[in-house]
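Undergrad: Submitted below is the structure of interest, expressed as structure tokens.
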Amino acid sequence: MPHNMNEKERYIMAKQFFKTLLLILLITTQSRCQMKNDLPAFDVEISEPNQKYEVTPVFARIKTMEGVTAGFPYGSTSGNWGYSGKSWTTQHGTPIGFEVTYYSRYEDKYYYIDQDFDVAHMKEMVNRCYANDDQYNKTSYLKSYVAREHSKEDTDDLGFPYECFSRLVFGFAPKGMIVVWLCYGEVSIELGRFEAKELKDSAKIENAKKVYMEKYRIHPERYEEARKSMHLPNATSTQWDNYRLRYEWSYKVKNENKKFKFLGLDLEYYNAEYEKHFVPRITNEPTSSRAVPKVIHLFWETGKNERYISRIFFDWDKTNEWFKTSGIEDNFFNINIKEDNSQLTIDLNGKPIEVDSIRIYPNSHLRFKDSYED
């Protein structure tokens, strides 16, 4: 400020300066918020095969195409394969890779990975929206997804028929195995399998250990106690690698009841993927490369008071062996529902197969576009 200004003039000038500075900060903050609002928004989950195989990130970041900062949730993995059961602060941007150093306590090893995703593929995937249900869907059921910017065109006052990209899920298995899924509501699609490398450099290990203990406030005695008590020397990722095996298969569903309406089918896989199918897709679904099914959920009606849900639970070892030995390129599960809806049978390519269990429940609440009127 000029030296010839009196105290009052200096006060007024300083006040104006801080007002201007505050206005600039406000505009900058609003611009950043607006930029984030225009970007894909997603939650990040870190999952594990089971509680024995818990790992803890030490350093972690998610790379975004727009350069927006995104990261992992605080704490260790949880839940089960492909689903952590925990939410965290919503992240923004188009994820195009990740970098993480993590501690595998049951192996007593630190791992590191710096992985990129295919940018063109991720640009497409974050703009996909998959059918959530068919209740309000007035467009083509044959498309498995629509572009995010067009997903609101087919809505009415009751809701949205599509789920856009909402979660990025990481799964950590033994020996550095990492699988990533992209999720759209219930729909889950595997992005890929990646492999972290064990840290061998003693200086890097000591640094990671130091940060890990400070970040999570772990006392040295507790660290040593957990390292010994939770160690699993024979841990392997084979089981979760096997779950990723894929075969060409589809399904056919029949019921001799003339009032039969087949309305929906959900496919839950051992590799943690999940699909939702609706009319007319479910009436003539071609074979495609799929993992071994864990549960098939069926929804049908034979009248307004005859609505049903059935769940078929599969055994991975048996089902995988049937696929391996079928000798057929395009496999079909044939599901036949009894006319009175009391039972159903299932075979693979005309040959009976054994499943863990089959359950049929009355459906008291789910309604579809083509449901019988109440």
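Undergrad: Could you calculate the contour length gain from Asp114 to Glu224, that is, 0.36 nm times the residue separation minus the distance between their Cα atoms, to one decimal place in nm?
TA: 36.8 nm
Undergrad: If you rank Ser78, Ser288, Ser104 by fewest surrounding Cβ atoms within 10 Å, what's the result?
TA: Ser288, Ser78, Ser104
Undergrad: Can you give the extra length, in nm with one decimal, that the chain gains between Glu186 and Gln343 once fully stretched, where that is 0.36 nm per residue apart less the Cα-Cα distance?
TA: 53.8 nm
Undergrad: Do the alpha carbons of any pairs in Lys52/Lys215; Lys86/Lys261; Lys63/Lys324; Lys254/Lys276; Lys252/Lys369; Lys197/Lys228 sit beyond 29 Å of each other, and which pairs?
TA: The answer is Lys86/Lys261; Lys63/Lys324.
Undergrad: List the trypsin sites (Lys or Arg not before Pro) in the stretch 226-297 that DSSP assigns to loop (not H, G, I, E or B) and whose Cβ has at most 13 other Cβ atoms within 10 Å. Which are they?
TA: Lys258, Lys259
Undergrad: Let me ask something else about it. Within a 10 angstrom radius of the beta carbon, how do Ser237, Ser326, Ser84, Ser229 rank from fewest other beta carbons to most?
TA: So the ranking, lowest neighbour count to highest, is Ser229, Ser326, Ser237, Ser84.
Undergrad: Contact order normalised by length for the stretch 292-374, with contacts defined as Cα pairs under 8 Å and 6 or more residues apart; what percent is it?
TA: Relative contact order here is 35 percent.
Undergrad: Straight-line reach from Lys200: which aspartates and glutamates have a Cα under 19 Å away, not including same-chain ones fewer than 8 places off?
TA: Glu99, Glu107, Asp108, Asp114
Undergrad: How much length is gained if the chain between Arg217 and Lys369 is pulled fully straight, taking 0.36 nm per residue apart and subtracting their Cα-Cα distance, in nm to one decimal?
TA: That works out to 49.4 nm of additional length.
Undergrad: For the residue pair Asp330 and Lys259, what label-to-label distance in nm results when each label sits 7 Å from Cα along the Cα-to-beta-carbon direction?
TA: Going from the Asp330 label point to the Lys259 one covers 3.5 nm.
Coordinate-derived values only; no laboratory data. Here the structure is a predicted model, which means the values were calculated and not measured. In this analysis, Cβ positions are derived from the backbone assuming ideal geometry, glycine residues included, and neighbour counts consider all displayed protein chains.
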